[in-house]
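First the structure, in the form of C-alpha cells, and then the observations on it.
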Amino acid sequence: MNIRFNNQDALFAVENQQIENLKPQAEAALQTALNKTGRGNDFLGWVTLPNDVSEAEIANIEQCAARMAALSEVVVVVGIGGSYLGARAVIEALQNAFAPYVKGKFPHILYAGNNISEDYLHDLLGVLDNDDYSVVVISKSGTTTEPALAFRILKQHCEQKYGVEGAKQRIAAITDKARGALKTLADKEGYPTFVIPDDVGGRYSVLTPVGLLPIAMAGFNIRQLLQGAKDMQKFVAENVKYDQNPVLQYATIRNILYQKGLKVELLTSFEPQLFYFIEWFKQLFGESEGKEHKGIFPAGAIFSTDLHSLGQYIQEGTRQIFETVLAVENAHHRVAIPDDAENLDNLNYLQHRTIHEINQIARKGTCLAHVDGQVPNLCITVPEINEYHLGELIYFFEMSCAVSGYMLDVNPFDQPGVEAYKKNMFRLLGKPGA
Ligand code: PA5
C-alpha cells in the first residue's frame, strides 16, 4: 500500500479507550459491507468493481475514447453529482493546471448539465461553435433534469454543426442497461452506449464507464487507475487487522470526533489540482452520511490559498471542525527559488530551495498551528498524484465512507433527501403529474 494514514495529530482529542471501544464496531461495519448484509446492500457492486471490470469492457472504453478523441478538440461531459464528479476529480488532478491554454494530444474536457445556468450554456455553445467536439452524456436514471436539459441543447447544436449522421459519431451515452429516457433516446439514435451496473450508485461509480470513458478521453491511463483501486481493495479487506487497516482507523477516529461534537470534517490539500477530488469527497460523504438528522458535514479547502480566507476561522472560530489533510509527497516538476543579488524582497534565505519543499513546510506549519488551536488533524499521504494513487485513494474513501456510514447507523447508499428540491421545482415548473 502506498498511501499512509496518520492520526497522531488527532490523538490529543481522543482517549485510547474510546478507540478500543469503537474498534469492534468498525470491524463489524467493514464485515457488513463486504458480506453485503447491511442496509442498502443492493448497492454494493462497487466493492468488487476494480476486479469486475472485464478486459473486454476496458478495451471497448479505450477504443471508443480514442475514436471520439481523434475527432475532437473538446469533449463535453454532461452529467451531475455522481455522474460527473468522479471523472472531473481524476481529470483535473492529472491534467496540466492550465489545460485550456495548452495544446496537447488529447481533447480538453468541459462539463455541462451540472448546473442550470443559461449564461454558462450560452458561453459553452460559443466555444463549441468554434472547436470540434464530442459529447458524453451520463445519467444513471436517465431522467435527471439538469443533464437532460443540457443534452437537448447540445444534441441540437451538434446535429446542426455536423448533420444528424455526423452527430451520431460524436455522441456516446452512459446510462442504465434498460430503463430511463436516456436509454430510449440513445437506442433510437444508435449512439454507442455504456452501462452503469444496477448495483453501483452514482457517487460510487467513478470506476465504471461513468468515470473511465471521460478519463480515457482526456488521455489518462484507466488501467493504472483500476490497478490502484484493486490493490487498495486487498489492503482494506476484512482479514487486515485494525493496526494495518487505514479504513478501520479513519472510520473509527472520525466517528469518535463526531461524537465529541466535531461535526465538520475539512478535507484539505496543498495541491490545487485536487480541488475536484475534494468536491468528489464532499458528495461521497455528504450524500452517504447526511441523513436521519445525523452525519459529519464534509467541507473542503485548498491551502495555502484558503489559509488567507478560512484560516482565521479554522484557527480560532467555533470548535466544530476536524481536519483531514491530503498530503502529496513529491511534485512532478522542479521550480527553485532563483538567486537575486539585490534581495529587495528579502527572500534570499530561501534561494535554491524548491517551491514544493516550501509547500511541504507550509503544510507542517499549518498542522502545528491547527493542533495548537485544538483542531484534530488526520493526514493521508500519497507519494505523488498519478492514476495509480488516485485509484488507491478512490477505493480508500469509498470503503471508509461505507464503514463510517454503517457505524453511524444510516444507509450509506441512498439519498432520499435529494428528491425534496426536485418535487418543488417540478411543481413550480408545472411538470405534468408533479
Ligand atoms: O450519487 C448519486 O446517486 C447522485 O449524485 C446522482 O449521481 C445524481 O443525482 C445524478 O443522477 P443520474 O445519474 O441519475 O442523472
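Just name the residue that is nearest to the ligand (Cβ to nearest atom) out of those in segment 142-156 that are in contact (Cβ under 8 Å) with a residue 40 or more places away in the chain and closer than 13 Å to ALA167 by Cβ. For segment 142-156, the residue satisfying everything is PHE151. The set of residues from segment 95-110 being crowded, with 17+ Cβ neighbours inside 10 Å and touching a Pro at 6+ places or on another chain (Cβ under 8 Å) comprises HIS108, ILE109. When you check GLU357 against the structure, is it out of contact with any Ser or Thr (no Cβ under 9 Å at 6 or more places or on another chain) and either among the aromatic types (Phe, Trp, Tyr) or open to solvent by 60 Å² or more (accessible area, probe 1.4 Å) (or both), yes or no? In short, yes. Does ALA172 qualify as being touching a strand residue (DSSP E or B) at 6+ places or on another chain (Cβ under 8 Å) and within 16 Å of the ligand (Cβ to nearest atom)? When the stated conditions are applied, ALA172 passes them. Checking each residue in segment 135-167 for being within 26 Å of ASP198 (Cα to Cα) and surrounded by fewer than 18 Cβ atoms within 10 Å (Cβ to Cβ) picks out SER141, THR143, THR145, LEU149, ARG152. Looking at segment 413-421, can you tell me whether even one residue there is touching a strand residue (DSSP E or B) at 6+ places or on another chain (Cβ under 9 Å), assigned to a helix (DSSP H, G or I) and open to solvent by 30 Å² or more (accessible area, probe 1.4 Å)? Looking through segment 413-421, at least one residue is touching a strand residue (DSSP E or B) at 6+ places or on another chain (Cβ under 9 Å), assigned to a helix (DSSP H, G or I) and open to solvent by 30 Å² or more (accessible area, probe 1.4 Å).
I'd like to know if segment 176-193 contains one or more residues that are open to solvent by less than 10 Å² (accessible area, probe 1.4 Å), closer than 20 Å to GLN283 by Cα and in contact with a helix residue (DSSP H, G or I) (Cβ under 7 Å, 6 or more places away or on another chain). No: zero hits. Figure legend. Inter-residue proximity from segment 180-192: first residues more than 13 Å from the ligand (Cβ to nearest atom), second residues charged (D, E, K, R), beta-carbon distance below 8 Å, spacing 6+ or different chains. Indicated pairs: GLU189/LYS168; GLY190/LYS168; TYR191/LYS168. Residues of segment 281-298 that are open to solvent by less than 30 Å² (accessible area, probe 1.4 Å) and more than 23 Å from ASN96 (Cα to Cα): GLN283, LEU284, PHE285, GLY286, SER288, GLU289, LYS291, GLY295, ILE296, PRO298. Is it fair to say VAL90 is open to solvent by less than 50 Å² (accessible area, probe 1.4 Å) and either assigned to a strand (DSSP E or B) or touching a His at 6+ places or on another chain (Cβ under 6 Å) (or both)? No, not satisfied. For LYS291, are the conditions met, namely being among the basic types (Lys, Arg) and in contact with a strand residue (DSSP E or B) (Cβ under 6 Å, 6 or more places away or on another chain)? For LYS291, the condition - among the basic types (Lys, Arg) and in contact with a strand residue (DSSP E or B) (Cβ under 6 Å, 6 or more places away or on another chain) - is not met. Applying the criterion of being touching a strand residue (DSSP E or B) at 6+ places or on another chain (Cβ under 9 Å) and assigned to a helix (DSSP H, G or I) to the residues of segment 384-396, the residue that is nearest to GLU292 (Cα to Cα) is PHE396. Every residue in segment 125-141 that is within 11 Å of the ligand (Cβ to nearest atom) and among the aliphatic types (A, V, I, L, M), please. If the condition is that a residue be within 11 Å of the ligand (Cβ to nearest atom) and among the aliphatic types (A, V, I, L, M), then VAL137, ILE138 are the ones that fit. In the set (1) surrounded by fewer than 21 Cβ atoms within 10 Å (Cβ to Cβ); (2) closer than 28 Å to TYR250 by Cβ; (3) charged (D, E, K, R); (4) in the same structural domain as ALA172 (by TED's automatic domain parsing), LYS36 fails one condition alone, (4). Would a scan of segment 204-216 turn up a residue that is open to solvent by 60 Å² or more (accessible area, probe 1.4 Å) and on the phi < 0 side of the Ramachandran plot? Looking for residues that are open to solvent by 60 Å² or more (accessible area, probe 1.4 Å) and on the phi < 0 side of the Ramachandran plot, one finds none in segment 204-216, hence no. Under the condition of being of a type in the set (Ser, Thr, Tyr) and more than 30 Å from ALA97 (Cα to Cα), which residue from segment 251-280 is surrounded by the fewest Cβ atoms within 10 Å (Cβ to Cβ)? Of everything passing the filter in segment 251-280, TYR258 is surrounded by the fewest Cβ atoms within 10 Å (Cβ to Cβ). Checking each residue in segment 368-398 for being under 22 Å from THR305 (Cβ atoms), open to solvent by 30 Å² or more (accessible area, probe 1.4 Å) and not small (Gly, Ala, Ser) picks out LEU368, VAL371, ASP372, GLU384.
The values are calculated or read from the model by the stated rules, or taken from the named source; none is laboratory data. What you see is a predicted model, and the numbers here were worked out from it, not measured in a lab. Heads up, the Cβs are rebuilt from the backbone with ideal geometry, glycines too, and the neighbour counts pull from every protein chain shown. Keep in mind that these areas ignore ligands, DNA and RNA; they rest on the heavy atoms of the full protein, side chains included. Shrake-Rupley method; radii C 1.70, N 1.55, O 1.52, S 1.80 Å.
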